[in-house]
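Worksheet for the structure shown next.
Read the figures in this text as sums done on the coordinates, not as results from a lab. Fair warning: this is a prediction, and the values are worked out from it, not measured in the lab. Every residue, glycine as well, gets a Cβ built from its backbone with ideal geometry; the counts of neighbours run over all protein chains shown.
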Amino acid sequence: MHAILTRPDTSILCGAAMLLAAILACGLLAPPLFWLLLAATVAAGVAFLALRFPTGFCVAWLLLTGMSLEMTLHDLVGAETYQPAIAVVKGIEIGLGFLCALRFGPRLDPLCPVWAFLAILTSGLVHGLYPGLTTADSLRSMIGSAAPFVFCFCRVPRSWAGAIIRATKWCPLLAVAGCVPLTMAGIRPLFIDSGGARLGGLGHPAFLAGVCLPAIYACLIQLFREGRRGDLLLLLANGLILLLTGARAPCACAVGVTGFSLISIRSSTFAPRDRLLLIMAALALLPLLALLAGDLGEVRLFNVVINETGNLSGRGLLWPRFEDAAAQSPWFGWGIGAGNAVIPPDGRIARMLHTWAAHNEYLRIEVEGGVCGEALLVALFTGWVIVHTRELPPSDRRIMRLAFLALAGHAFTDNVLISTPACVMFAFATAVFARGRPGMALPDSRLVA
């Protein structure tokens, strides 16, 4: 197997020649089968290339996922493309995870949160699903919930981990830069009006904010490890993008993690003097922002802070429905996927808010898994983070633990486990975990065939 993955093999060439001959024969004898076989051949070729070069394909997938192109398709083509586009993104991740397991070797992660989703699926099928939720819907939701964690089950090498962390830092900038030509052509605006101007890039401002968070954490980790000025500039750029998205909870998470890191974490490469200058510069901007707040009212973040401090962006209409559904089955919930069935997609609330998601992961999991499922998920997440960060360098360990504490707080107001930014976040987390333990991150010379 290793020989097949590292150099051309006669059997592969013979197989390709036979497949090409079959395609040509079908083109002559059975034309309807021609395009089917051609598509299968292209898919097989792409899969073989991904098996040979998994790191490059994973980086490309991460960058495209970070752009939130499903939102671009939603706005330009139609709402009917949104869910299929998300399914494609997560399906590709599952396929890449399978290929990485073949290329590098599989591993068991007994504390991975996926096991909680599996338990919620099982309890829902035994207890009974939410009215209107089918077994197929629940299985699809299980696959979608598990997809962001697929790389946890691969023995990825250090080179893969480093490439994923580097790519994560650039995701927000690429999402914004990719939208500039579309804005200049009048196809898609860079800013959208949602309670004030919000930077959306190629996706939605909330999705862009969700991608900014792992990008900021990646910059922090690299800055404390290597002290490069480029990482500091990227940190500032990603922070500015996050500010312009107008997303309050992600901004609070980024400020909290960055502030605590700068104050409390030691680094031999990122000098205390440089950190102090950065903190003082940020504090010096606060009075200026306070003076300009009235003039910046068109920017969504300032508009909300000044005029609508208690505005929950429609969550007050969503949450009571989920609370009622959770109260009807408090211990074991209604099965995974029930969170998508509580609010009818064609109902008044969904049409008004353009969403039927809970925007509160604790409420969603309480509906789907009840108190037992929610407790299991929280326990697994806690153990997963503690165990996987235990062997990391001190700065990495503290930044990642702060990041997951911020994620726990962010989960009260957003869908941090099921949206496509979650795929970026947990791929990044897997890369950081992998880089910390030689037993998990095998050197490239010891790849398992």
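The table for this structure:
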{"item": "Stretch gain in nm, segment Glu226-Asp346, where the contour uses 0.36 nm per residue and the Cα spacing is subtracted", "result": "38.1 nm"}
{"item": "Residue-span extension gain [Val371 to Ala43] - 0.36 nm each, minus C-alpha spacing", "result": "113.8 nm"}
{"item": "Pair Asp193, Leu233: separation of 7 Å Cα→Cβ label points (nm)", "result": "3.6"}
{"item": "Gyration tensor verdict on segment 116-193 (Cα atoms; rounded if a/c is under 1.5, prolate if a/b is larger than b/c, oblate otherwise)", "result": "oblate"}
{"item": "Prolate/oblate/rounded label for segment 351-400 (Cα gyration tensor, a/c 1.5)", "result": "oblate"}
{"item": "Highest to lowest packing among 166-172, 212-218, 229-235, scored as the average C-beta count within 10 Å", "result": "212-218, 166-172, 229-235"}
{"item": "Pairwise label distance in nanometres, Ile386 with Leu283, each label 7 Å out on the Cα-Cβ vector", "result": "3.5"}
{"item": "Sequence ranges 393-404, 100-111, 267-278, 333-344, ranked by mean other-Cβ count within 10 angstrom, highest first", "result": "333-344, 393-404, 100-111, 267-278"}
{"item": "Fully extended contour minus Cα-Cα distance, from His354 to Ala379, at 0.36 nm per residue", "result": "5.7 nm"}
{"item": "Shape of segment 132-243, Cα gyration tensor, a/c cut at 1.5", "result": "oblate"}
